[in-house]
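A.B. asks: Before anything else, here's the structure in question.
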Amino acid sequence: MCGISGLIDFKQSSSFDVLQIMSDTLYHRGPDGSGLEFLQTKTCQVGLGHRRLSIIDLTDAGKQPMQFEHLWITFNGEIYNYNEIKQELIILKHKFCGHSDTEVILHAFAEWGISCIQKFIGMFAFVIYDTIKEEILCVRDRAGVKPFFYYWKDGLFLFASELKAFHKHPRFHKELNLDAVAAFMQFGNVPTPHCIFNNCYKLKPGYYLRLSLASSDFSTHKYWDVYDSYNKPKLDINFEDAKIETEKILKSAFDYRMISDVPVGVFLSGGYDSACVTALLQKDRTEKLKTYTIAVPDIGLNEAPYAKDVAKHLGTEHYEYVCTYNESLSLIDDLPFFYDEPFADSSAIPTTLVCKMAKQQVTVALSADAGDEIFAGYNRYDYLMKYGKRLNQFPRLLRKGTADIMNFIPSDKIPIMKNKYNFHSRYEKLKGLLKDPSPKNMMLNLSRQFDEKEISELMKTKTGFFETAYQSNELKKISYSPLAYMMAIDYQTYLVDDILQKVDRASMTVSLEGREPFLDHRIIEWAAQLPDDYKYYKGSKKHIIKEIVHQYIPKQLMDRPKMGFAIPIENWLINDLKDKVHYYLDDKKINQQGVFNIEFIHIIKSDFYSGKKELALKLWYALMFQMWYEKWMN
C-alpha cells in the first residue's frame, strides 16, 4: 500500500518541484521511500509520484515509479495472485528483475494490454503511461478498496490517492461543489463519482480511464460490475454444498491476504465476520495469528471480552488496547486533515485507534469489512424483511399521522427504548419509513439523514441532486428481490464511500496497510448467485457465514446482538463538544460561508439541546462539514 500522485499538464506550466510537493503531502501513506519521474512529451508534461510503504519486495527492485520498455507505472495496492501471473509470463519468455507485484503488472500490461486486469485478484489503483501509444491509463479495483481522485480543468489533469495532494498544485482551483455539500449532508460522505470540489471526481470502482496525450481527450470504461453477478440465475445448489463451496472460496481469499514480506495481523472484534477470517486462517496454521481488539469502556464501546473469548478458543496471539474517553475525543480535531473530503462516520475514531495499536507490531492488518454487504448482515435488512410488508399494509394516512405525532415526541421521552443502542437515530429514520415503506425509499431513508425537503431548507442556494448508485436500475426484474436490491446498492454506495474510505484513511494515518479479505471479487460473484434465504434465513442475518463459523467456534461464544463500532454522539455533543458546536456553527461563520441557512441550523441546534436526541447525527454532520471547511477552504 502506498500513495500515488501525478500530473499531465498540456499547458506545460508545471515543474518537478510541484510534483515533489504533491507527493510529499502523502508521506503518511508511504514513509519508507519516494520516487518521482517528470517527463516531457511533444504535447505535455507528465509527472508520476510515489510514496512507498514496503510490503512485497523490500529491495530497490520494488521502487516506483517503475519502467519496463515503453511503459511507466505508479501503483497503490496489492495484486495477491501475482506469482501465478508471473509464472504465466515466464512461460511467455518474460524476464524479471525483482519479485514485486508492480513489475508483474507492467509485464502483464505489455503482454495482454488493458485486459490484464481481468486476471488480477487484489486491491489496486494505478496509472500506466504508454510512451508509444502516447496515452495514460488510470485503473481502480473492482470493489473500490483503493481510492483514486482526479481533477481536470484548463488542460491540467491531476490524480492522487488523496485530495490533499491537489492543493499543492498552483493551478488547482478549489471551488466548492454545492451539490456535493448537499449530498454529504444526506449521506455523511460525498458519493462516488462526485467530489466536494468542482472539476474533481473519483474514478468509479471497476472502471478505467484512458487519456490521450495527442488529443487531450479522455474517456472512462467499465470492466466489472457487481450487477453482472446479481443478474445471473440463482444457483441450484443445496445448503450444505453451498456452505462447503463458500468456505473454500473464503479460505482462498483469506489466504491470499496473508502474502507479505512484513508482519501481518488481524482485527478481531468478536463478531461473526472477523471470527470467520480468524478461524479459517488459524485452522491450518501452526504459528499463532496476531489478533487485535480495541475497547473504549468509558463510552460503552467494549467488544474486548467477546473477542478475547474467541481468540482464546482459536489459540491466537491476542492483543487488547483499552482506550480512554479523552483519547477518543482528542482525535476529532485530526479528522478533517486525514479525511480531506467532509466525512461523518464517527467510527473513524475507534478504527484509527485500533490501527494505531496494530501498527506497533505489524505493517499489514486484515479487516473483516464487507461481510455485511455480501451476506446480509445489516439491521436495515431486518427492517426490510420483517417490517417492509407490514408497513405497506397500514393505510397511508395512518402511517403519515404516526410520523407527524413522532415529530412532537422527542426520542429521549420514550421509556426503556431511549437507552437502547442507536435508538435515537433509528427513531428519526422510522419517520421517513412510515411515509413511504417501498424498498427504494427504505434504502434511501435508512441511508441518509436529511431528505430532499430538509436539504432545500438547509442549503442557502438551490442545489441539484446528482446521479449516484442509489438510483441504479441495473438489477433485472427476473433477478429482483428487495434483499438483493438493497445489498447491491450498499455494495456500490455505503461500502465504497463510507466503510472503505474510513478504513483506508484510518490505516494510512499510521502507515498501516489495511486489507479486506471479504472483498475478493470471487466472493461477491459467488454469493450474489446464492438464494436469498442462504444469507437471510428466518430472521437470522449472515446465515451461511454463521453456519461456517459454528464449525470452529461454539455457538454460545458467538450468539449476541450486533454491537457496531458506534460512538455516543448524542452525549459528546451535549457535553464535551458543545463548545465546538457553538464555535463552528456560529452565526457569523455560517453567514460568511454562504452555504447553509442560519435559521435552519438554529432549529437543529435548539431542538437538539432541548431534548430531541434523534437530531444528534444531523448536528454532527453539520459540525463535521464546518470543521472540514475551516481546514481546507479558509
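The numbers here are math on the coordinates, done by the rules we state, and not lab data. Bear in mind that the values here come from a model prediction, so they are computed numbers and not experimental data. Cβ sites come from the backbone with ideal geometry, for glycine too, and all protein chains shown count toward neighbours.
A.B. asks: How big is region 1-77 by the Kirkwood estimate over distinct Cα pairs, in Å?
C.D. replies: With all distinct Cα pairs of region 1-77 included, I get 12.7 Å.
A.B. asks: Give me the net charge for the shell around Lys95: Cβ to Cβ below 13 angstrom, other residues only, Lys and Arg +1, Asp and Glu -1.
C.D. replies: Value of the local net charge: -1.
A.B. asks: Now for a separate question. Counting C-alpha atoms alone, how compact is region 192-244: give Rg to one decimal and Dmax as a whole number, in angstrom.
C.D. replies: Just the Cα atoms of region 192-244 yield Rg and Dmax of 18.7, 57 Å.
A.B. asks: Between region 228-282 and region 504-560, what is the C-alpha centre distance in whole Å?
C.D. replies: So the two Cα centres are separated by 7 Å.
A.B. asks: Counting other beta carbons within 10 Å of each Cβ, put Thr74, Thr352 in order, fewest first.
C.D. replies: Sorted ascending by nearby Cβ count, the order is Thr352, Thr74.
A.B. asks: Ignoring everything except DSSP H segments at least 4 long, calculate the 222 nm mean residue ellipticity for the chain; use -39,500 (n - 2.57) per segment, divide by total residues, nearest 500.
C.D. replies: Calculated from helices alone, the mean residue ellipticity at 222 nm is -11500 deg cm²/dmol.
A.B. asks: I would also like to ask the following. Eigenvalues of the Cα gyration tensor times 5, then square-rooted: what semi-axes does that give for region 487-634, in whole angstrom, largest first?
C.D. replies: 40, 20, 16
A.B. asks: Looking only at Cβ-Cβ distances, which cysteines of the chain have no other cysteine closer than 4.7 Å?
C.D. replies: Among the cysteines of the chain, those whose Cβ sits 4.7 Å or more from every other are Cys2, Cys44, Cys97, Cys116, Cys138, Cys276, Cys323, Cys355.
A.B. asks: Oh, and also: Starting from 0.36 nm per residue, how many nanometres of slack lie between Ser115 and Asn238 once their C-alpha separation is accounted for?
C.D. replies: The span from Ser115 to Asn238 would gain 40.8 nm if fully extended.
A.B. asks: Please arrange Phe465, Phe38, Phe197 by counting, for each residue, the other beta carbons lying within 10 Å of its beta carbon, fewest first.
C.D. replies: Ordered by Cβ neighbours within 10 Å, fewest first: Phe465, Phe38, Phe197.
A.B. asks: Starting from the coordinates of the alpha-carbon atoms of region 2-224, obtain the Kirkwood hydrodynamic radius over all distinct pairs and give the value in Å to one decimal.
C.D. replies: Taking every pair of different Cα atoms in region 2-224, averaging 1/r and inverting gives 17.7 Å.
A.B. asks: I would also like to ask the following. Kindly provide the GluC sites (Glu not before Pro) of region 56-130 that DSSP labels as loop, not H, G, I, E or B, and whose Cβ sees at most 14 other Cβ atoms within 10 Å.
C.D. replies: Here the GluC sites (Glu not before Pro) that fit, given the DSSP loop and packing criteria, are Glu69.
A.B. asks: Once you have all Cα-Cα distances for region 252-315, histogram them in 5 Å bins from zero and send the whole-percent values.
C.D. replies: Values per bin, smallest distances first: 3, 18, 28, 23, 15, 8, 4, 1.
A.B. asks: How much of the pair distance distribution for region 535-606 lies past 18 Å, counting alpha-carbon pairs only, in percent?
C.D. replies: 62
A.B. asks: Rg and Dmax of the chain, Cα atoms, in Å?
C.D. replies: 24.3, 74
A.B. asks: At 1.306 mPa s and 10 °C, plugging the Kirkwood radius over alpha-carbon pairs of region 410-533 into Stokes-Einstein gives what diffusion coefficient in µm²/s?
C.D. replies: My calculation gives 90 µm²/s for D.
A.B. asks: By average Cβ neighbour count within 10 Å, what is the ranking of 499-506, 287-294, 404-411, 449-456 from highest down?
C.D. replies: Top to bottom by mean Cβ count within 10 Å: 499-506, 287-294, 449-456, 404-411.
A.B. asks: Just need the relative contact order of the chain here, percent rounded to a whole number, with Cα pairs under 8 Å and 6+ apart.
C.D. replies: 16
A.B. asks: Obtain the radius of gyration and the Kirkwood radius of region 568-634 from its C-alpha atoms and give Rg over Rh.
C.D. replies: 0.95
A.B. asks: A further question follows. Can you tell me the order of 209-220, 133-144 when each peptide is scored by its average per-residue count of other Cβ atoms within 10 angstrom, highest first?
C.D. replies: With the highest mean Cβ count within 10 Å placed first, the list reads 133-144, 209-220.
A.B. asks: What is the extension gain from His99 to Glu454, computed as 0.36 nm multiplied by their sequence separation minus the C-alpha to C-alpha distance, in nm to one decimal?
C.D. replies: Between His99 and Glu454, full extension yields 122.3 nm more.
A.B. asks: Here's another thing I want to ask about it. With an 8 Å Cα cut-off and a minimum separation of 6 or more residues, compute the relative contact order for region 568-634 in percent.
C.D. replies: Once normalised by length, the contact order is 38 percent.
A.B. asks: Looking at the chain only, what percent of DSSP beta bridges run antiparallel? Nearest 5 please.
C.D. replies: 80
A.B. asks: Next up: Counting alpha carbon pairs within less than 8 Å and at least 6 residues apart, what relative contact order, in whole percent, applies to region 271-403?
C.D. replies: 22
A.B. asks: Calculate, for Val322 and Arg560, the FRET efficiency according to 1/(1 + (r/R0)^6) with r their C-beta to C-beta distance and R0 22 Å; round to the nearest 0.05.
C.D. replies: The value I calculate is 0.65.
A.B. asks: How far apart, in nanometres, would the label points at Ser481 and Gln592 be if each is projected 7 angstrom from Cα along the Cα-to-Cβ direction?
C.D. replies: The modelled label-to-label distance comes out at 5.5 nm.
A.B. asks: If we count other beta carbons within 10 Å of each Cβ, what is the order of His70, His521, His169, fewest first?
C.D. replies: Fewest-to-most ranking of His70, His521, His169: His70, His521, His169.
A.B. asks: Within region 574-606, what residues put their amide N at less than 14 Å from the label point 7 Å along the Cα-to-Cβ vector of Asn634?
C.D. replies: Residues 580-594 qualify, since their backbone N sits under 14 Å from the label point.
A.B. asks: Work out how much length Lys413 to Tyr27 would gain on full extension: take 0.36 nm times their residue separation and subtract the Cα-Cα distance, in nm to one decimal.
C.D. replies: Taking 0.36 nm per residue and subtracting the Cα distance, the gain is 134.1 nm.
A.B. asks: Related question: Please state the equivalent ellipsoid semi-axes for region 482-526: what are the square roots of 5 times the Cα gyration tensor eigenvalues, largest first, in whole Å?
C.D. replies: Over the Cα atoms of region 482-526, the semi-axes work out to 24, 13, 5 Å.
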